[in-house]
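Worksheet: the structure to be examined is printed underneath.
The values are calculated or read from the model by the stated rules, or taken from the named source; none is laboratory data. The model shown is predicted, which means the values in this text are computed figures rather than measured ones. Ideal geometry is used to build each Cβ from the backbone, glycine not excepted, and the neighbour counts take in all protein chains shown.
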């Protein structure tokens, strides 16, 4: 049973919003586009595990995706955590094309693609650290003596895995996607003893979900981009023209003549991802390029957002999700 769904990583949504909101000639666009491509490939690789995992018995295995757990003064992240009453498995997913050579001497992964070599961090070292941190976290939260293991799953079935002849344990740690189920069943045969009661298993899942903390990176600071560089206004989802003009309670694209009553929602999602989680009436008017404070107020109130402050100091909390309801008449 999937206890925490896999969602598009927030950092990917942030990068996509940043790309939408930069002028086409901005010097950081190639760098941002390259990172989006890498992260999209990684996300697709993670999603490719959904198929083999779907064959696991839902009453025996509980799956949590994309966990980010506080640890001391930092966090540790887990692509996929597989929990049963008998053991816990950490699954780290890597999408690598070409040849993946695991160098045990220098603890690096060397990717060879189209004749070019690229040194990457060794994921086997990464999962050892993740395992140590998770064990520490489990103990701290009252969960003891639970068998725990880790796999690095290569999600690209065409990747070639290589290592030195002396590195005889790599195939127990690094596997291709199509071998995942067999490895899980092997581990099940090795761990027949119940280590968690059903009650404690449910408690562990609740605790993990409660401790999960979404990352909120400052992307503008990271790329040294000023907020003033961001394009303002509502963007047409049909032809990417901006800014849309508001006429008779709807947004109109002058270029393709598309009309959309809710086009401002994506613009506000971009604002939340790039600038901050709250917005005032004045900030909304500047950002959406509308003059009327009354129109701005109606737009914000139509989204049923929580608020802080009063009168001109009112801040609207941009919790724009699928449950956000909007009135069609402003």
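Residues in the range 81-119 that are under 18 Å from residue 151 (Cα atoms), assigned to a strand (DSSP E or B) and without any contact (Cβ under 8 Å) to a residue 60 or more places away in the chain: 108, 109. Given the criteria in the same structural domain as residue 176 (by TED's automatic domain parsing) and either out of contact with any strand residue (DSSP E or B) (no Cβ under 7 Å at 6 or more places or on another chain) or crowded, with 19+ Cβ neighbours inside 10 Å (or both), does residue 120 qualify? No: the conditions fail for residue 120. Of all residues in the range 129-159, those satisfying the criterion of being in a strand (DSSP E or B) and farther than 15 Å from residue 87 by Cα are 152, 153, 154.
Quick check, is residue 186 part of a helix (DSSP H, G or I), in the same structural domain as residue 78 (by TED's automatic domain parsing), surrounded by fewer than 17 Cβ atoms within 10 Å (Cβ to Cβ) and touching a strand residue (DSSP E or B) at 6+ places or on another chain (Cβ under 9 Å)? When the stated conditions are applied, residue 186 does not pass them. Number of residues in the range 228-251 that are outside any loop (DSSP other than H, G, I, E, B) and in contact with a strand residue (DSSP E or B) (Cβ under 7 Å, 6 or more places away or on another chain) equals 3. Selection within the range 165-179: residues that are part of a strand (DSSP E or B) and without any contact (Cβ under 8 Å) to a residue 40 or more places away in the chain. The member of this set that is surrounded by the most Cβ atoms within 10 Å (Cβ to Cβ) is 175. Looking for whichever is crowded, with 17+ Cβ neighbours inside 10 Å, in contact with a strand residue (DSSP E or B) (Cβ under 7 Å, 6 or more places away or on another chain) and farther than 23 Å from residue 224 by Cα here; the options are 284, 318, 299, 288. Which one fits? Going through 284, 318, 299, 288 in turn, the sole match is 318.
Only one of the listed residues (196, 204) is farther than 22 Å from residue 49 by Cβ, surrounded by 15 or more Cβ atoms within 10 Å (Cβ to Cβ) and in contact with a strand residue (DSSP E or B) (Cβ under 9 Å, 6 or more places away or on another chain). That residue is 196.
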